[in-house]
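Everything below concerns the one structure shown next.
The values are calculated or read from the model by the stated rules, or taken from the named source; none is laboratory data. Keep in mind that what you see is a predicted model, and the values were worked out from it rather than measured. So basically every Cβ, Gly included, is an ideal-geometry build from the backbone, and we count neighbours across all protein chains shown.
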Amino acid sequence: MSDLEEEYRLEYFEEHGFHRKQCPECGDHFWTLDPEQETCGEPPCDEYSFIDDAGFEAEFELGEMREAFLSFFEERDHERIEPYPVAANRWRDDVLLTQASIYDFQPLVTSGTTPPPANPLTISQPCIRMQDIDNVGVTGRHTMAFEMMAHHAFNAREDIDDPGQYAYEGEVYWKEETVAYCMELFEELGADPAEVTLIEDPWVGGGNAGPAFEVIYKGAELATLVFMQFEADPDGEYEMKDGNRYSPMDTYIVDTGYGLERWTWVSQGTPTVYEAVYPEMIDFLTDNAGIDHTSEEEAIVHKAAKLAGRMDIDEAKDVEAARDDIAAEIGVETDRLRELVEPLESIYAIADHSRTLAYMLGDGIVPSNIGTGYLARMVLRRTKRLVDDVGVDAPMDELVDMQAERLGYSNRDTIRDVVRTEVERYRETLERGRRRVEQLAEEYEDSDDPIPGAELVELYDSHGIQPDMVAEIAAERGVDVDVPEDFYSAVAERHEATDAGADSEEATSHGERLVDLPETERLYYDDQERMEFEAVVLEVFEREDGDYDVVLDQTMFYPEGGGQPPDHGTLSTEDVTADVTDVQITDGVIVHTCDADPGTGDFVRGKVNAIRRRRLMQHHTATHIVVHSARQVLGEHVRQAGAQKGTDSARIDVRHYERVSREEVKEIERIANDIVTDNGQVTQEWPDRHEAEAEYGFDLYQGGIPEGERIRIVQVDEDVQACGGTHVSRTGDVGAIKLLSTERIQDGVVRLTFAAGEAAIGATQRTEDALYEAAEVLDVDPEDVPETAERFFEEWKARGKEIEELQQELAETRASGANEGDEVDLDGTRAVIQRVDGGMDELRATANAIAEDGAVAVVGSATGGAQFVVAAPEGSGVDAGAVVGELAERVGGGGGGPPDFAQGGGPDADALDGALESAPDVLRQIKSA
RNA sequence: GGGCCCAUAGCUCAGUGGUAGAGUGCCUCCUUUGCAAGGAGGAUGCCCUGGGUUCGAAUCCCAGUGGGUCCA
């Protein structure tokens with residue numbers, strides 16, 4: 001096994017007189033210029049020493065610090081790169097949020113597949129780390145949202161077989177330069193290099209690893225310098241702290257992270273990072289919440305803040321014990337300290353969370369029950385609770401807007417709208433929850449039992465009601481709540497029990513043999529209107545189902561991809577004409593599934609089914625137009641969440657926070673058809689990916705992230721997207737666009753189904769057919785259908801009521817007047833046995849009427865099989881349920897009910913009369929039993 | 001992407017295979033002319049939709065639609 005120690009012995013340290021030491025407290029190794037230094041300099045081994053004693057020559061505001069950093073590296077030949085969105089799932093599918101600047105370049109750039117936008121580069125990347133959520137506000141240094149300032153250099157080894165296989169070659173710079181830059185930056189800002197400590201701290205993450213330094217200055221961790229150079233390998237020579245083995249890779253990357261907020265904080269020396277980063281917002285919130293400390297209280301808070309670094313829930317085992325220690329050290333009661341500090345902690349958290357929300361919503365994340373949307377919802381609800389608890393009396397949308405304005409977002413109106421909608425939604429959830437809990441509390445009010453844990457789990461998991469909220473509401477009614485210790489693991493367990501993951505394996509029958517074939521030349525991009533071509537058959541595979549998979553040197557057939565179904569058509573030689581039923585692409589090789597074998601090595605003439613292709617192209621272009629129109633109507637946040645094109649209709653799923661109204665649908669349809677009428681050119685080009693990203697942003701990648709240096713982008717009207725599909729050449733060729741339906745397929749995702757061209761006409765005609773048919777049935781003009789339908793529906797209901805009343809009357813008449821029913825005497829109790837051929841309602845009414853007269857009623861009917869109703873007045877001594885059971889058995893069925901009123905029946909209608917005849921005997925038997 | 005919960009009167013919700021309910025609101029009358037007043041009477045329902053099981057489904061099963069919620 002090889003140790004990393006050698007990796008940290010830099011010439012830079014040697015030349016500048018650094019010493020390597022080991023911290024007696026935590027055991028970490030570190031480098032320092034100060035021969036006297038003993039501990040590593042980082043809390044809890046050391047304390048902050050920059051509070052009230054700012055660490056740099058000048059104080060910086062956030063923006064000034066960012067600029068200072070970026071221009072420092074710009075002056076040193078780094079290119080400044082614009083930040084990426086915080087929603088990392090826009091360009092990668094393994095994570096939801098951007099948590100570090102290196103995320104911007106994973107996985108394609110780090111693996112060497114795609115070149116970096118610049119090399120070396122510098123950036124200040126907004127990041128969100130949800131895992132720090134419990135520390136925010138408490139420790140004084142943790143924020144959920146932050147900017148990671150960084151410089152990166154992407155290097156590739158030259159001593160390998162084929163250095164040209166990667167998108168970059170050679171070494172830009174490595175460890176020596178990285179450490180030198182770091183120290184130089186400190187000196188430029190006026191820090192004493194002797195106060196800087198570099199702790200050896202190997203880094204592991206996402207299957208990669210490497211040596212790294214944590215850079216500590218005056219107690220604060222200000223930078224991490226990571227030298228990514230290993231990849232996971234069971235036979236690797238390095239074992240890292242995660243217990244896995246790693247071996248060197250061909251690319252090696254400088255990955256640094258300088259926390260903008262920490263640097264700003266140290267430059268100002270305020271008690272907490274929050275006061276340095278968004279002082280106006282903290283002032284606003286403290287004022288608003290009416291927090292006004294005396295100077296003595298102020299002093300306590302101030303002292304506590306200096307020590308608050310110990311309250312890291314990840315490191316301090318018991319946060320409350322840490323609070324006790326702090327209280328003891330500054331000489332106040334723990335309770336008093338908590339009373340003073342907790343509201344401030346909430347306010348810090350509110351400011352941070354508002355900023356987090358501004359980033360998320362500003363980048364177009366829509367609150368939802370899935371993905372990043374769910375995270376946004378969680379943050380928003382948590383913030384709302386904090387706001388209410390601490391008594392801030394400002395609407396949430398205003399708080400988020402304060403941060404959005406500061407961050408320079410232009411879609412602030414949408415952000416506010418989203419926040420308002422979401423807050424309202426939360427209010428409704430809480431109200432629903434309150435009613436539910438009150439009801440539950442009522443159930444337990446009379447018993448002395450507390451509300452059990454299982455109920456709490458159910459309330460939380462299915463209804464989103466926190467246990468402490470249940471406790472609060474239950475307490476109002478004097479009901480206890482039994483919160484299990486392991487509440488959240490009980491919730492998790494509930495999920496695990498039902499999670500049965502079934503992995504579907506993708507079976508590519510002859511995938512391996514495809515690898516040796518050259519990439520198929522794609523003619524469909526050259527001229528999307530052309531449908532015929534000639535090609536050479538490179539290989540034919542016979543399929544298990546008897547069809548053939550044919551690979552050509554070039555093709556006009558579009559393979560399934562980007563939600564566009566494959567082309568159909570024919571491949572013909574002199575002798576054979578094969579129908580193409582499917583076309584797929586694997587690693588650049590296009591496979592045509594045919595019903596005949598054209599023969600390897602032969603020339604074939606390919607002919608694409610032009611009608612099908614044209615319809616697919618119309619729908620594909622229409623999809624771009626509809627998304628673009630929806631964006632204008634619903635807002636800038638609208639983004640594609642999936643799409644499927646077809647020949648008769650297409651659907652597009654779009655992120656949006658509300659249901660789409662009928663008015664909005666009409667507006668989208670109108671704008672879409674305006675674009676069609678304008679008949680603008682639909683263009684495609686293959687620009688450099690980084691240039692395209694710089695020009696159009698990541699909204700390019702609505703349909704997925706393509707690989708490679710150059711990407712294909714398609715422009716329709718003002719809409720630009722990376723797209724591999726085929727399109728008509730002018731918007732007018734789409735013909736017409738008709739929105740067919742909208743549905744909300746998930747919270748925050750709306751599906752728009754529409755038809756284009758001929759299909760649009762067809763769809764409209766179908767709708768009209770339905771209307772005309774309905775009109776014909778009602779015998780009115782089509783435009784009168786709604787009114788007539790309503791009238792008919794009302795009348796139908798009125799008739800129903802009338803029938804019921806008449807049945808009632810009829811039944812009463814029957815019961816009272818002379819009728820054909822047989823009267824039997826059962827030891828003084830009268831019984832009436834009667835056949836009434838009618839529905840169940842009629843039978844019931846008749847039986848009731850007879851029973852009201854004081855007689856036992858046995859009523860039978862032969863409509864729809866045999867049916868009985870038996871009613872027994874109180875004190876008759878007859879169990880109606882038993883009677884029905886007995887009678888129903890005779891008609892091959894069953895029945896039952898309470899003793900005073902029962903019903904039943906069976907399929908054998910012919911046996912009805914026989915059963916009724918035996919009724920007197922049955923009654924006597926039951927009565928005497 | 002997965003799990004769970006819900007859908008019944010205008011509203012909030014009970015309902016256990018056997019005659020669809022309560023509170024509130026609504027209408028009428030009475031009492032009182034007093035602030036969420038009291039009394040009496042009355043009207044309100046495709047029990048979300050479509051299948052299935054059953055003699056019989058608001059109730060059980062399946063699918064769909066709409067809503068809620070938790071997790072990754």
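Taking first residues from region A:808-837 that are over 22 Å from residue A:913 (Cα atoms) and partners that are at pLDDT 80 or above and surrounded by 17 or more Cβ atoms within 10 Å (Cβ to Cβ), the Cβ contacts under 7 Å between residues at least 6 apart in sequence or on separate chains come to A:808/A:845; A:812/A:849; A:829/A:856. When residue A:840 is tested against the conditions (1) among the hydrophobic types (A, V, I, L, M, F, W, C); (2) within 29 Å of residue A:801 (Cβ to Cβ); (3) modelled with pLDDT of 85 or more; (4) within 11 Å of RNA strand B (Cβ to nearest atom), the lone failure is (3). Of the set (1) away from RNA strand B (no atom under 16 Å from the Cβ); (2) in contact with a Gly (Cβ under 8 Å, 6 or more places away or on another chain); (3) not β-branched (Val, Ile, Thr), all apply to residue A:765 but (2).
Here is a yes/no grid of residues against (1) assigned to a strand (DSSP E or B); (2) over 26 Å from the mean Cα position of the chain (by Cα); (3) among the hydrophobic types (A, V, I, L, M, F, W, C):
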position	(1), (2), (3)
A:66	no, yes, no
A:70	no, yes, yes
A:80	yes, yes, no
A:89	no, no, no
A:94	no, no, no
A:114	no, yes, no
A:119	no, yes, no
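Against the numbered list (1) within 21 Å of residue A:264 (Cβ to Cβ); (2) surrounded by fewer than 14 Cβ atoms within 10 Å (Cβ to Cβ), residue A:56 comes up short only at (2).
With region A:275-366 as the region, which helices (runs of 4 or more DSSP H) entirely inside it contain at least 3 residues that are outside the structural domain of residue A:260 (by TED's automatic domain parsing), within 30 Å of residue A:657 (Cα to Cα) and at pLDDT 90 or above?
Result: A:279-288, A:334-362.
Find the strands (runs of 3 or more DSSP E) located wholly in region A:614-685 whose residues include 1 or more that are within 30 Å of residue A:532 (Cβ to Cβ) and of a type in the set (Val, Ile, Thr), and list them.
Numbers: elements: A:640-644, A:650-655, A:682-685.
The strands (runs of 3 or more DSSP E) meeting that bar are A:682-685.
When A:408, A:371 are checked against the criterion of being surrounded by fewer than 20 Cβ atoms within 10 Å (Cβ to Cβ), among the small types (Gly, Ala, Ser), at pLDDT 90 or above and in the same structural domain as residue A:285 (by TED's automatic domain parsing), A:408 stands alone in meeting it. Among the conditions (1) without any contact (Cβ under 8 Å) to a residue 60 or more places away in the chain; (2) assigned to a strand (DSSP E or B), the only one that residue A:199 does not satisfy is (1). Taking the criterion of being within 15 Å of RNA strand B (Cβ to nearest atom) and in contact (Cβ under 8 Å) with a residue 12 or more places away in the chain, the residues of region A:742-762 that qualify are A:742, A:744, A:745, A:746, A:747, A:748, A:749, A:750, A:751, A:752, A:753. The residues of region A:445-475 that are under 18 Å from residue A:388 (Cβ atoms), of a type outside the set (A, V, I, L, M) and away from RNA strand B (no atom under 13 Å from the Cβ), listed by number, are A:468, A:472. All conditions in (1) more than 16 Å from RNA strand B (Cβ to nearest atom); (2) over 17 Å from residue A:563 (Cβ atoms) hold for residue A:701, with the sole exception of (2). When residue A:694 is tested against the conditions (1) away from RNA strand B (no atom under 16 Å from the Cβ); (2) at pLDDT 85 or above; (3) hydrophobic (A, V, I, L, M, F, W, C); (4) out of contact with any His (no Cβ under 6 Å at 6 or more places or on another chain), the lone failure is (2).
What about residue A:704, is it within 25 Å of the chain's Cα centre (by Cα), modelled with pLDDT under 85 and crowded, with 22+ Cβ neighbours inside 10 Å? Considered against the rule, which asks whether it is within 25 Å of the chain's Cα centre (by Cα), modelled with pLDDT under 85 and crowded, with 22+ Cβ neighbours inside 10 Å, residue A:704 comes out as no. Against the test of being over 30 Å from residue A:338 (Cα atoms), out of contact with any Ser or Thr (no Cβ under 6 Å at 6 or more places or on another chain), of a type in the set (Ser, Thr, Tyr) and crowded, with 20+ Cβ neighbours inside 10 Å, the options A:178, A:139 yield a single qualifying residue, A:178. Pairs linking a residue in region A:73-91 that is closer than 28 Å to residue A:188 by Cα to a residue that is of a type in the set (A, V, I, L, M, F, W, C), with Cβ atoms under 6 Å and 6 or more positions apart or on different chains, are A:78/A:121; A:79/A:118; A:79/A:121; A:80/A:70; A:81/A:121; A:81/A:123. Looking at this structure, is residue A:879 closer than 18 Å to residue A:928 by Cβ, within 14 Å of RNA strand B (Cβ to nearest atom), in the same structural domain as residue A:916 (by TED's automatic domain parsing) and surrounded by fewer than 21 Cβ atoms within 10 Å (Cβ to Cβ)? Criteria met by residue A:879.
When region A:893-912 is filtered for residues that are under 24 Å from residue A:876 (Cα atoms) and more than 9 Å from RNA strand B (Cβ to nearest atom), only A:899 remains.
Yes or no, residue by residue, for (1) more than 21 Å from the chain's Cα centre (by Cα); (2) within 16 Å of RNA strand B (Cβ to nearest atom):
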residue	(1), (2)
A:378	no, yes
A:385	yes, yes
A:390	yes, no
A:395	yes, no
A:403	yes, no
A:418	no, yes
A:421	no, yes
A:425	no, yes
A:430	yes, yes
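Any residue in region A:189-197 that is crowded, with 22+ Cβ neighbours inside 10 Å and either assigned by TED's automatic domain parsing to the domain that holds residue A:120 or in contact with a Leu (Cβ under 6 Å, 6 or more places away or on another chain) (or both)? Checked region A:189-197: at least one residue is crowded, with 22+ Cβ neighbours inside 10 Å and either assigned by TED's automatic domain parsing to the domain that holds residue A:120 or in contact with a Leu (Cβ under 6 Å, 6 or more places away or on another chain) (or both).
Please work out if residue A:442 is surrounded by fewer than 13 Cβ atoms within 10 Å (Cβ to Cβ), within 11 Å of RNA strand B (Cβ to nearest atom), in the same structural domain as residue A:384 (by TED's automatic domain parsing) and more than 30 Å from residue A:85 (Cβ to Cβ).
On the way: surrounded by fewer than 13 Cβ atoms within 10 Å (Cβ to Cβ): yes; within 11 Å of RNA strand B (Cβ to nearest atom): yes; in the same structural domain as residue A:384 (by TED's automatic domain parsing): yes; more than 30 Å from residue A:85 (Cβ to Cβ): yes.
Taking the combined requirement at face value, the residue satisfies it.
Please tell me if residue A:884 is closer than 20 Å to residue A:852 by Cα, among the aliphatic types (A, V, I, L, M), surrounded by 15 or more Cβ atoms within 10 Å (Cβ to Cβ) and within 11 Å of RNA strand B (Cβ to nearest atom).
Against the criterion (closer than 20 Å to residue A:852 by Cα, among the aliphatic types (A, V, I, L, M), surrounded by 15 or more Cβ atoms within 10 Å (Cβ to Cβ) and within 11 Å of RNA strand B (Cβ to nearest atom)), residue A:884 qualifies.
Kindly provide the set of residues from region A:854-872 that are near RNA strand B (Cβ under 10 Å from one of its atoms) and surrounded by fewer than 23 Cβ atoms within 10 Å (Cβ to Cβ), ordered by number. If you could, list the steps in order and put the result at the bottom.
Within region A:854-872, the first condition is being near RNA strand B (Cβ under 10 Å from one of its atoms), and the residues that meet it are A:864-869, A:871-872.
Passing the criteria: A:864, A:865.
Just wondering, is there one or more residues in region A:805-817 that are within 30 Å of residue A:417 (Cα to Cα) and assigned to a loop (DSSP other than H, G, I, E, B)? Lay out the reasoning, then the answer.
At the first step, the residues of region A:805-817 found to be within 30 Å of residue A:417 (Cα to Cα) are none.
No, region A:805-817 contains no residue that is within 30 Å of residue A:417 (Cα to Cα) and assigned to a loop (DSSP other than H, G, I, E, B).
The numbered conditions (1) out of contact with any His (no Cβ under 8 Å at 6 or more places or on another chain); (2) under 30 Å from residue A:366 (Cβ atoms); (3) of a type outside the set (Phe, Trp, Tyr); (4) in contact (Cβ under 8 Å) with a residue 12 or more places away in the chain are all true for residue A:428 except (4). Does residue A:782 satisfy being within 16 Å of RNA strand B (Cβ to nearest atom) and over 30 Å from residue A:679 (Cα atoms)? When the stated conditions are applied, residue A:782 does not pass them.
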